[in-house]
1. Give just the number: which of (1) open to solvent by less than 10 Å² (accessible area, probe 1.4 Å); (2) farther than 21 Å from CYS141 by Cβ; (3) more than 17 Å from the chain's Cα centre (by Cα) does ILE83 not satisfy?
2. Assess whether GLY77 counts as being crowded, with 22+ Cβ neighbours inside 10 Å, touching a residue at least 12 places away in the same chain (Cβ under 8 Å), more than 9 Å from the ligand (Cβ to nearest atom) and more than 14 Å from the chain's Cα centre (by Cα).
3. Where residues in region 129-148 are open to solvent by 10 Å² or more (accessible area, probe 1.4 Å) and among the β-branched types (Val, Ile, Thr), which of them is nearest to the chain's Cα centre (by Cα)?
4. Do we find that ASP222 is open to solvent by 50 Å² or more (accessible area, probe 1.4 Å), modelled with pLDDT under 95 and of a type in the set (Asp, Glu) in this structure?
5. Within region 152-172, does at least one residue satisfy the condition of being among the basic types (Lys, Arg) and within 15 Å of the ligand (Cβ to nearest atom)?
6. Which count do you get for residues in region 64-74 that are open to solvent by 10 Å² or more (accessible area, probe 1.4 Å) and either farther than 15 Å from VAL181 by Cβ or within 15 Å of the ligand (Cβ to nearest atom) (or both)?
7. Can you confirm whether THR192 is within 16 Å of the ligand (Cβ to nearest atom) and under 20 Å from SER61 (Cα atoms)?
8. Search region 275-303 for residues that are at positive phi and pair each with any residue that is away from the ligand (no atom under 16 Å from the Cβ) and in a loop (DSSP other than H, G, I, E, B) when their beta-carbon atoms are under 9 Å apart and the residues are at least 6 apart or on different chains.
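The values are calculated or read from the model by the stated rules, or taken from the named source; none is laboratory data. Predicted, not measured: the structure shown is a model, and the values here were computed from it. Positions of Cβ are generated from backbone atoms using ideal geometry, with glycine treated the same way; all protein chains shown enter the neighbour counts. Remember, those area values only see protein heavy atoms, side chains included, never the ligands or the DNA or RNA. Shrake-Rupley method; radii C 1.70, N 1.55, O 1.52, S 1.80 Å.
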Amino acid sequence: MAVETKKKMNVPITKPTLGEEEAQAPLESIRTGWVTQGPKVAQFEKDVAAYVGAKHGVATSSCTTGLHLALHAIGIGPGDEVIVPSLTFIASANAVLYTGADVVFCEVDRRTFNIEPADVERRITKRTKAIMPVDQIGLACDIDAINVIAKRRGLDVVEDAAPAIGATYKGAKVGSGAHQVVFSFHPRKVITTGEGGMITTDDDDLAARLRTLRQHGMSVSDVARHQADKVIIEDYPEIGFNYRLNDIQASIGIVQIRRLDELLAARRERAERYNRELPTVRGIEIPYVPPYAEHTYQSYMLTLTKDCPLEREELMTRMLRRGIATRRGIMASHLEKTYTTRYGKVSLPVTEEAARTTMLIPLYATMTEDEQTYVIEALREELGPA
Ligand SMILES: Cc1ncc(COP(=O)(O)O)c(C=O)c1O
């Protein structure tokens, strides 16, 4: 008697959604020779700013360089402290160290895994200059609560919205809720330019300063000089950086931002299927989304409960054997050597537990119904019914 064997599938953790239009988009830049920061970057900045409802967009080479630029531009430096959740990709905290300031790690909320405003308040000292909340894996943090604290205590806010383009907070798009908001266009994000970042702000003077600082502190942009009908000799009043995005990347970004709502809808549809079907599997909890937010689902993160029959690494190994990629959930930055050698042992129990018990499973806009069924069935077979 023939035994029916289930076909093994390979399901990646994520995939960028790039099509023929994105492939064609850089042609114009290549043909015209505008291959560094030029008109396409300017257009992409306008498009992103308009999408998120901010006055300005300032493109950078990545979110990490954008975070550094944002902190530098508001004068953060040696002797200052910036409060950052530890439960985030390490780049958030590293950007603070680049300025010479100190990182003060804070706790997250148990359910949203986003910054805990009451804990932020407790950690403010005379040296605190700014708060960096994070919209973790695409879920908006409670930015109003952070802004209230910042205003009362005279602090600045730089929101790390790396995974959150298209996320909403109280009905508005993430992007204009803080003094500066910084996005990532890395391929793990909802839309991508290969590498890339963007700072959005409503502050005219700050936007002008960011534009200068990202390009070596040069007093005139390449486009302005190129278009001028008289000779312009630029100057460099202060030290800047080369944090430019280029027009090849921006041409792809222009197509991607136009497709963003369609890509978000596809992700949300797949996330909702997980939300409906995974509660019948033992030992896992689906992500919590507070009523004020719409998630981008840059990643779909499960929490393994005490009832989970397998250790996380064992479950990840078994999934890998079935061809399914998983990743640990969000990391605890304060446990990494860079920070333990600098600050010694810092105790953040909620963060540490979250870092131990969370796990990402595959989700992307083009994930097929069969691929998703395969992932859900694999989890059910490994863990059993709830
Ligand atoms: C929360 C957070 N901040 C910063 C970054 C860094 O982004 P980039 O790779 O564009 O520098 C990431 C990227 O994964 C992130 O998730």
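1. Result: ILE83 passes all but (2).
2. Considered against the rule, which asks whether it is crowded, with 22+ Cβ neighbours inside 10 Å, touching a residue at least 12 places away in the same chain (Cβ under 8 Å), more than 9 Å from the ligand (Cβ to nearest atom) and more than 14 Å from the chain's Cα centre (by Cα), GLY77 comes out as no.
3. Ranking the qualifying residues of region 129-148, first place goes to ILE137.
4. No.
5. No - not one qualifying residue is present in region 152-172.
6. Counting residues in region 64-74 that are open to solvent by 10 Å² or more (accessible area, probe 1.4 Å) and either farther than 15 Å from VAL181 by Cβ or within 15 Å of the ligand (Cβ to nearest atom) (or both) gives 4.
7. It is true that THR192 is within 16 Å of the ligand (Cβ to nearest atom) and under 20 Å from SER61 (Cα atoms).
8. Pairs found: GLY283/THR305; GLY283/LYS306; GLY283/ASP307; GLY283/CYS308; GLY283/PRO309; GLY283/LEU310; GLY283/GLY384; GLY283/ALA386.
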